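Trainee: Quick one: the structure is below, and I'll ask about it shortly.
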Amino acid sequence: MEVAVLTHVGHYRQVNEDSGEVIKRGDDALMAIVADGMGGHQAGDVASQMAVDHLRKAFDEVDLDKSNQDWEDWLLHQIRGANQSIFDYAQQHESHYGMGTTLAVTLCFKEYYIVAHVGDSRVYRYHDQQLEKVTEDHSLVNELVRTGQISEEQAEIHPQRNVITRALGTDEDVKADIRTLFYLDHEHILLCSDGLTNMIEEEQMKDILDQYPTADEKAAVLLQYALDAGGDDNITLILLHKIDEDGRK
């Protein structure tokens, strides 16, 4: 697996409340995590890092001999555990009350990968010049689009487009969406915070993924494009490229 991980505070924020990390277990197991914290300085950054730390520790210690369904159950259990830890911490520290974080996570194995998410951080898959959004935002505007109250074009400029309807840590329990996917030939998997997706349209993302040869170059150009387009928010992205067994990319 070819891996690129990038994060940037953006042009206007003083603190980077995003966290992103890739954890490898040997050659056949990998976890990638993007978390976008909320709650302001000394809160959002704490929440996102707590989510990453919880999942990293659990993945480092887990027995890898599991079925697909076992892994889905394990990941949902760990997301609930991360949620509880963040919620409890916020309850015990007044300055952090109300903090939370989005979460996008993939568990990659040899034949398949599992995607889970909470909030509006996204996971995409790119293959054969086609970009597919794997996750569905847990956001107010996405709910309005889904129910036909506004169009997708209206959603892009809606004044409440940054309002999310689910997050880790803001309530005592959380519901994560989860699904298992099988790799397509030469597939790329992109995890990112909304600091990227609010600055770049999917057609532009697709063009960049198509034009540049390596995961590092693709990721660097995506980040730079978001910064050049305004860089209004923290930006974090992880790009994973499944390399075939014969070494073909």
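The values are calculated or read from the model by the stated rules, or taken from the named source; none is laboratory data. The structure presented is a predicted model; accordingly, all values stated were derived computationally and were not measured. Here the Cβ positions follow ideal geometry from the backbone for every residue, glycine too, while neighbour counts run over all protein chains shown. Note: accessible area is taken over every heavy atom of the protein model, side chains too, but ligands, DNA and RNA are not part of it. Shrake-Rupley method; radii C 1.70, N 1.55, O 1.52, S 1.80 Å.
Trainee: Put +1 on the Cβ of each Lys and Arg and -1 on the Cβ of each Asp and Glu in the chain; which of Gln91, Leu64, Gln224 then has its Cα farthest toward the positive end of the dipole?
Mentor: It is Gln91.
Trainee: Something else about it: Give the peptides 20-28, 182-190, 229-237, 165-173 in descending order of average Cβ contacts within 10 Å, highest first.
Mentor: 229-237, 165-173, 182-190, 20-28
Trainee: Can you give the extra length, in nm with one decimal, that the chain gains between Glu203 and Thr147 once fully stretched, where that is 0.36 nm per residue apart less the Cα-Cα distance?
Mentor: 17.7 nm
Trainee: As a check on your grasp of the helix formula, calculate [θ] at 222 nm for the chain: sum -39500 (n - 2.57) over DSSP H runs of n ≥ 4, divide by the residue count, round to the nearest 500.
Mentor: -10500 deg cm²/dmol
Trainee: A further question on this structure: Is there a pair in Lys110/Lys206; Lys175/Lys206; Lys57/Lys110; Lys24/Lys218; Lys133/Lys242; Lys24/Lys206 whose C-alpha atoms are over 23 Å apart, and which pairs would that be?
Mentor: Lys110/Lys206; Lys175/Lys206; Lys24/Lys206
Trainee: What accessible surface, in Å², does a 1.4 Å probe find on Asp216, ignoring ligands, DNA and RNA and rounding to the nearest 10?
Mentor: Its accessible surface works out to 100 Å², give or take rounding.
Trainee: Quick one: pull the percent of accessible area on the chain belonging to carbon and sulfur, 1.4 Å probe, ligands and nucleic acids left out.
Mentor: That fraction is 44 percent.
Trainee: Residues of the chain: accessible area per residue at 1.4 Å, in Å²?
Mentor: For the chain, the per-residue accessible area is 48 Å².
Trainee: Calculate the radius of gyration of the Cα atoms of the chain to one decimal place, then report Dmax, the largest Cα-Cα distance, as a whole number, both in Å.
Mentor: 17.3, 55
Trainee: Please give the FRET efficiency for Gln91 paired with Asp70, using the beta carbon to beta carbon distance and R0 = 22 Å, rounded to the nearest 0.05.
Mentor: 0.10
Trainee: Follow-up question, since we're still on this one. In square nanometres, what is the average projected area of the Cα convex hull of the range 1-113?
Mentor: If I average the Cα hull's projected area over directions, I get 7.5 nm².
Trainee: Suppose every Lys and Arg Cβ carries +1 and every Asp and Glu Cβ carries -1, with no other charges. What dipole size does the chain come out with about its Cα centre, to the nearest 20 debye?
Mentor: The dipole magnitude comes to about 240 debye.
Trainee: Modelled label-to-label distance, Asp228 and Gln84, 7 Å Cα→beta-carbon offset: nm?
Mentor: Those two pseudo-labels are separated by 4.8 nm.
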